[in-house]
């Protein structure tokens with residue numbers, strides 16, 4: 001079974017997807033983390049974003065794995081990068097790198113192979129529209145931008161960085177615009193997705209809503 005959960009940054013999709021997967025005994029695949037991992041590697045190797053051969057080389061020589069304890073730790077080439085990919089530097093650059101067609105094509109193929117013949121919950125921005133348009137269940141999460149900013153601020157500060165709420169709001173507005181207007185796999189709600197406003201919902205309420213529908 002494939003459960004697709006899409007939505008903008010800060011809508012609650014990652015935590016919700018993880019808990020839904022845990023409750024159902026499914027595998028959770030955080031596609032956003034995969035894009036962050038590739039972004040981190042491109043930044044580390046100082047690759048020019050117009051250098052297609054160099055980007056292809058990185059994509060073909062990078063191993064991404066979600067490992068224990070709950071398959072929620074992302075390892076890149078054997079290194080746990082789960083914390084580093086939440087840094088503000090990666091956050092600032094991930095949307096630009098996610099727009100690159102070569103990156104999206106490679107990771108979409110990667111995600112489909114990871115989910116093949118498995119019960120999975122995938123979350124991202126194009127799961128229900130591009131990666132798995134025939135998913136068994138599709139959900140689209142949204143929330144008020146101030147609430148989303150507060151959530152993202154907590155995530156950033158948990159990694160030891162400080163950022164003002166106003167800065168996060170500006171960033172999210174720019175990210176929404178970039179993600180929604182990009183040529184390849186833009187952020188959008190699939191026509192058959194169930195929309196859920198998480199502004200006033202707790203994570204447990206979001207999880208229970210989805211599980212009740214699936215059950």
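Overview of results
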read-out	value
Which numbered condition residue 17 fails, given (1) more than 24 Å from residue 139 (Cα to Cα); (2) touching a residue at least 40 places away in the same chain (Cβ under 8 Å); (3) part of a helix (DSSP H, G or I)	(1)
Answer residue from region 92-115, given it is out of contact with any helix residue (DSSP H, G or I) (no Cβ under 8 Å at 6 or more places or on another chain) and at pLDDT 90 or above and is nearest to residue 51 (Cα to Cα) among those	105
Residue tally, condition within 25 Å of residue 169 (Cβ to Cβ) and touching a helix residue (DSSP H, G or I) at 6+ places or on another chain (Cβ under 8 Å), over region 1-39	18
Residue list for region 174-192, filter: over 17 Å from the mean Cα position of the chain (by Cα) and either over 22 Å from residue 126 (Cα atoms) or in contact (Cβ under 8 Å) with a residue 12 or more places away in the chain (or both)	183, 192
Region 196-215, residues that are exposed (fewer than 13 other Cβ atoms within 10 Å of the Cβ) and under 11 Å from residue 139 (Cβ atoms)	213
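The values are calculated or read from the model by the stated rules, or taken from the named source; none is laboratory data. Just so you know, these numbers come straight off a predicted model, no measurement behind them. Neighbour counts are summed over all protein chains in view; Cβ atoms, including those assigned to glycine, are modelled from backbone coordinates with ideal geometry.
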